[in-house]
Each structure stands twice: as structure tokens, then as C-alpha cells.
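The values are calculated or read from the model by the stated rules, or taken from the named source; none is laboratory data. No experiment lies behind these values; they were computed from the predicted model shown. Reconstructed Cβ throughout: ideal geometry from the backbone, glycine too, with neighbour counts over all protein chains shown.
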Amino acid sequence: MSEVEIEEVNESIKELEPVDMLNHNDAEEKKKKKKKKKKKNNNNIKNIALLYPDEKYPEGHWMDYHHDFNLARVTDEEKRYLARDKEHEQRWNDMRKGAEIHRRVRKNLQNKLSPGITLTEVVDLVENATRKFTGSDINGDHVDKPMSQGIGFPTGVSLNHCAAHFTPNSGDKTVLKFDDVMKVDFGVQVNGYIIDSAWTVTFNDKYDNLLEAVREATNTGIKEAGIDVRLTDIGEAIQEVMESYEVTIDGKTYQVKPCRNLCGHNIAPYQIHGGKSVPIIKNGDETKMEEGEHFAIETFGTTGRGYVVQGGECSHYAKNTGALPTPNLTRAKALLKTIDNNFGTLPWCRRYLDRLGEEKYLFALNSLVKQGIVEDYPPLNDIPGSYTAQFEHTIILHPHKKEVVSKGDDY
Ligand SMILES: [Co+2]
């Protein structure tokens, strides 16, 4: 599909769809003219490899380790560490590519967000742009190398008391409202290396302090992260910052609480949760971060009780790893084949199955879940009436420094 890039916030959505469907020559002409103008804009949506012909992608934001036990890494043996880091250059470049795509996708979205947009339109903007930038727009996959790059996981657009794991299923008509607090959490993967980054969208400034609390809490987690740092210590630092904020919304004052059962995590190839959890409270976990690992540092703050529970219609799923049983049903076997071919162990949502032409699959899907072959990830909610916010970045623990690879000028 030819792409249209329209910057104007209000007209963009309404203008985009009808024009695309018209066959009239004058409409086509106008479109072409518009496109020509946009070609000069560096925010064009096309395969990102065309914008970086040498395939070298920009580095993220570099930060020194600040703990004493890391100091040797920036002085004495830096050269040796750097040599070791070089061995992973391809991996870092893949991640930087994913991060650059993430920044461009979210910038494009941010220009088009306003009350009245539907959540389906929001996720389509994110996912179609991701497909374009990664060059995986044919059936969501590379023709020759399936799953080599593309969407890392379903686009979360969780509202208000829903903290995470909401994405619309097909037919969802939810409209974004002026008073909503929306967490946009999406992923880009290149050769299985996933960039996981999120921010919170609001239109009403009454939430500003809540967002500030969570932004600062996430930045604290990033600052504290380092080789040999204990996970509980990161959680403790995050919690302290988060709870130091008070917010007043509609005349009621709240101390911001972390959602204590939500965590950041390390990321393994094609696996969004690599096995380590980065708590956002002091939880006593003395596991340490290690050199060469890459982590999603994310924090959630809330005006509610600070604990989320599953609820609402499920959209997110992922195949489990390890030894798995054979599906009982023939239909489930076929569905699993679709899952294996298109997602492997990457998370996905029902819309992606619909897009692949799968129909009437819920019974089979539920049986895969019951057998433990596929894991379901229902929406996670704090108490009704509460507001939750999230910020998240992906960081790389290089031997000598850390790199906040998904950092942008927006957050
Ligand atoms: Co994450």
C-alpha cells in the first residue's frame, strides 16, 4: 500500500482512510503531491534500511555506572572490556535499529494522537509503521526470512485503572477520551532482539504529577541499574522515588504507589521475559544483573491500591518455551502451526491471527492454553476509578558503560 504521511493532528485520521480508497485520478494526484512534499521530511515511513544505507544505526544514550564496584570498568581495563563488547557489535546494531524504529514509530503516532481517535486506529498506526520500517509488511513477515524482524509484541494501549496487557481485539470500538490515561507499550524486534519501551499519554494536565512521579521512578531504575547490582536494590530505589510524590486529582490527594506486582525484566532472543524480574519495590531478591544482559526497565505508578489483578477479555498470548505436550485437538494442532510459523515464542494477539486469515479459533486457542502450550496474558487492572501510568526503556549493560538504547527526545 502506498503510504500517506500527514502531520496535522486533527485531520490526519479522517483524511487518511477515505483518500486511500478512492480511485479518482485527481485524488491520486493530490496524494502524490502531498507525498512529494513529505519526501523531504525525514520522518517518512519506509524500510529503515533505505535511510541507513550502511546499516549502522545510531547509538542510544550512554551512561556511566555509578556504583563503586563498577568504576574499574571505566578506567583500568577499559580497552579489554571494549574488545569484549566488540564481539557483540552485530547484536548491539540490531538493537539500535529496533530502537531507531521505535523512536520513529512513536513520533509518528504522537503527531496524530488526540481525543476521539479509536484504540484500534492507535494500534494500527503503531503496527503498520513498524511493519513498514522493518520491511516486514508482506503478511507481517519477511518472505524469505520469517520472523527476522518486525513487531516485537502486541501494542498495549491500556487505559486508566488498566495498567497493562490491553490491546483491542477485532471489532473493538473504544474511543480515546480527553480524560483518559493511556499507556502505549509496544515492541520492535530485529533478529529476535526486542526493544521494549513505553510511555503514558494524557491530554488533561491534572495527571502531570502522576506522570512525573513515574517518569522519575523509571529514570531512577535506569540510573541504579548496573553489572552486579542486586535487583531488590533497584526496586527499593524506584519505590522511594515513586512514593515521594503526592498528586491531587479532582480535589483528592493521593500518595503515588508502585504497582507492586508489576516488574521490569531481562529480555532473551525472541523471548520478552528472559527469566529475571526487576521489581519496583524492595522485594528481597538478591539476584544480580550481569554484563551483556539487556533489560526492560519499567515502572508503574497508581492512585489505586498498588496491586493489579487479571480481568477483562484476553488479547495477549505467547507460546511457552521448553518441552511442550502435543495438542489434543486437530484444530489446535493446525493453529499451533500458524503460531510457530509466524510468532515462534514472540507474544502476539488475536488481531494478528485474524490478519493471517484464521477464523473461529477461540476453542482451539483455549485448549492450547489449557494444555500449557500457549500462555494467555489477560489485562492487568488496579481498582476501578484509579489511574495508572507507566514509563519504560530498554537498556544494555555493556562491560564499560550502559546504553539506554530506546531513549529519545520525547522521553
Ligand atoms: Co516490558
note = Those strands (runs of 3 or more DSSP E) completely within region 330-411 that have 3 or more residues that are of a type in the set (Val, Ile, Thr) are 388-397
request  = Of all residues in region 374-387, count the ones that are touching a helix residue (DSSP H, G or I) at 6+ places or on another chain (Cβ under 7 Å) and crowded, with 19+ Cβ neighbours inside 10 Å.
outcome  = 2
ask   = Out of all the residues in region 340-348, is one or more more than 15 Å from the ligand (Cβ to nearest atom) and among the β-branched types (Val, Ile, Thr)?
value = yes
key: Every residue from region 166-183 that is over 20 Å from Tyr317 (Cβ atoms) and either among the basic types (Lys, Arg) or outside any loop (DSSP other than H, G, I, E, B) (or both)   = Lys173, Val175, Lys177, Met182
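Can Glu293 be described as within 16 Å of the ligand (Cβ to nearest atom) and in the same structural domain as Gly235 (by the TED database)?
Values: within 16 Å of the ligand (Cβ to nearest atom): yes; in the same structural domain as Gly235 (by the TED database): yes.
Answer is yes for this residue.
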ask   = Residues of region 199-251 being of a type in the set (S, T, N, Q), out of contact with any Pro (no Cβ under 7 Å at 6 or more places or on another chain) and closer than 18 Å to Phe295 by Cα, which ones?
value = Thr218, Asn219, Thr220
task = Report the residue count in region 184-219 for those that are away from the ligand (no atom under 16 Å from the Cβ) and assigned to a loop (DSSP other than H, G, I, E, B).
result = 4
query = Could you say whether any residue in region 298-315 is touching a strand residue (DSSP E or B) at 6+ places or on another chain (Cβ under 6 Å), hydrophobic (A, V, I, L, M, F, W, C), touching a residue at least 40 places away in the same chain (Cβ under 8 Å) and within 18 Å of Lys370 (Cβ to Cβ)?
reply = yes
query = Is region 225-246 home to any residue that is buried (at least 18 other Cβ atoms within 10 Å of the Cβ), farther than 23 Å from Val404 by Cα, more than 19 Å from the chain's Cα centre (by Cα) and assigned by the TED database to the domain that holds Ile395?
reply = yes
note = Contact list, first residue from region 198-215 and closer than 18 Å to Lys257 by Cβ and touching a residue at least 40 places away in the same chain (Cβ under 8 Å), second anywhere and of a type in the set (D, E, K, R) and within 16 Å of the ligand (Cβ to nearest atom), beta-carbon distance below 7 Å, six or more apart or interchain, is Thr200/Lys183
